[in-house]
1. May I ask you to say which residue of 232, 177 is in contact with a strand residue (DSSP E or B) (Cβ under 7 Å, 6 or more places away or on another chain), in contact (Cβ under 8 Å) with a residue 24 or more places away in the chain and either assigned by TED's automatic domain parsing to the domain that holds residue 33 or part of a strand (DSSP E or B) (or both)?
2. Just to be sure before I move on: is residue 242 surrounded by 15 or more Cβ atoms within 10 Å (Cβ to Cβ) and closer than 22 Å to residue 323 by Cβ in the structure I sent?
3. Could you check segment 6-27 and list, in sequence order, the residues that are modelled with pLDDT of 55 or more and loosely packed, with under 15 Cβ neighbours inside 10 Å?
4. Collect the residues in segment 149-159 that are surrounded by 14 or more Cβ atoms within 10 Å (Cβ to Cβ) and out of contact with any helix residue (DSSP H, G or I) (no Cβ under 6 Å at 6 or more places or on another chain), keeping them in residue-number order.
5. Any idea which of (1) closer than 16 Å to residue 151 by Cα; (2) free of Cβ contacts under 8 Å to residues at least 12 places away in the same chain is the one residue 308 doesn't satisfy?
6. For segment 25-67, give me each residue that is in a strand (DSSP E or B) and either free of Cβ contacts under 8 Å to residues at least 60 places away in the same chain or within 12 Å of residue 327 (Cα to Cα) (or both).
7. Search segment 318-348 for residues being touching a strand residue (DSSP E or B) at 6+ places or on another chain (Cβ under 7 Å) and assigned to a loop (DSSP other than H, G, I, E, B), and hand back the single one that is surrounded by the fewest Cβ atoms within 10 Å (Cβ to Cβ).
8. Just wondering, is there one or more residues in segment 246-255 that are surrounded by fewer than 16 Cβ atoms within 10 Å (Cβ to Cβ), out of contact with any helix residue (DSSP H, G or I) (no Cβ under 7 Å at 6 or more places or on another chain), at pLDDT below 85 and farther than 22 Å from residue 146 by Cβ?
């Protein structure tokens, strides 16, 4: 049954689900600004949810809907709370028996919120949460690991070079890769939201990338030959009969621009077109790859896969297990394009979290 039909059935019976929900957002990662914007959007559709802000200093604050919505420019300015913390740490909060029967609606992005760490905390306590299990999150968050797994299913992708600032040979390999291909992409192994993404097509950009890598000794990067083509991104949702793909979104960047953080969230030099204006056979192939990646990585609930269509063939880039759900995000655009409401989507993923624990 589609999400629309499922929610229509609930509505027609007058049985709109009443669940105890905690919307968890924030964290310490570079993507916490996006997380706040996701929380602002989701809270509009789950008005009775408790809103928990996990601050960079580990403390957990409970904030009300009005205060969350009043925060301006979430993609640019930090969310700060002046009231006393509810708990000193998130793990302490999860140990509190008062919230054992709540479903945690995860609005986290990046860092421990998406790499499987927080998911393992929930699993160890048998708590209900939305999104994929810890193992799938860990695999998808590591772009090298994810590509290795997805490649086993016959999906095409560019060869990947791992670069570390402490490894002189890998930096020399980066220079060799650039000389060989003339245009390459460098990005962090473990970050999303296009944080740290750069495209190198000249000596100045190469030096800037080397400087970036050298300035972050504890952060590995990957470098790949630039694959020319059309960038598509596709959401996937689990349903009773297995995962299904949402309509594709086409990413069009202006000359000299990339789909970096500013392009993705501030709309600078980038168009997001949903449904994608590409041949239908391209969309079908892209959707097949998105479903294959979702299944190969062990994702549950929903995910989003990014790829490049080059000469009519899809090249896998990465899969996100907690893609952005802001008003400007890609999955909400795709849901709207197929006529699925955010309320129906959230009812579905909350129901899946309930069902997943019940099946254990």
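1. 232 is the lone residue from the list that is in contact with a strand residue (DSSP E or B) (Cβ under 7 Å, 6 or more places away or on another chain), in contact (Cβ under 8 Å) with a residue 24 or more places away in the chain and either assigned by TED's automatic domain parsing to the domain that holds residue 33 or part of a strand (DSSP E or B) (or both).
2. No; evaluated as a whole, the condition is false for this residue.
3. Result: 18, 20.
4. Across segment 149-159, the qualifying residues are 151, 156, 158.
5. Evaluating residue 308 over (1) closer than 16 Å to residue 151 by Cα; (2) free of Cβ contacts under 8 Å to residues at least 12 places away in the same chain leaves (2) as the failure.
6. The answer is 50, 51, 52, 53, 54, 60, 61, 62, 63.
7. Per the criteria, the residue is 323.
8. Yes; the residues of segment 246-255 include at least one that is surrounded by fewer than 16 Cβ atoms within 10 Å (Cβ to Cβ), out of contact with any helix residue (DSSP H, G or I) (no Cβ under 7 Å at 6 or more places or on another chain), at pLDDT below 85 and farther than 22 Å from residue 146 by Cβ.
The values are calculated or read from the model by the stated rules, or taken from the named source; none is laboratory data. These numbers were taken from a predicted model, which means no experiment stands behind them. Please note: Cβ atoms are built from the backbone with ideal geometry, for glycine as well, and neighbour counts cover all protein chains shown.
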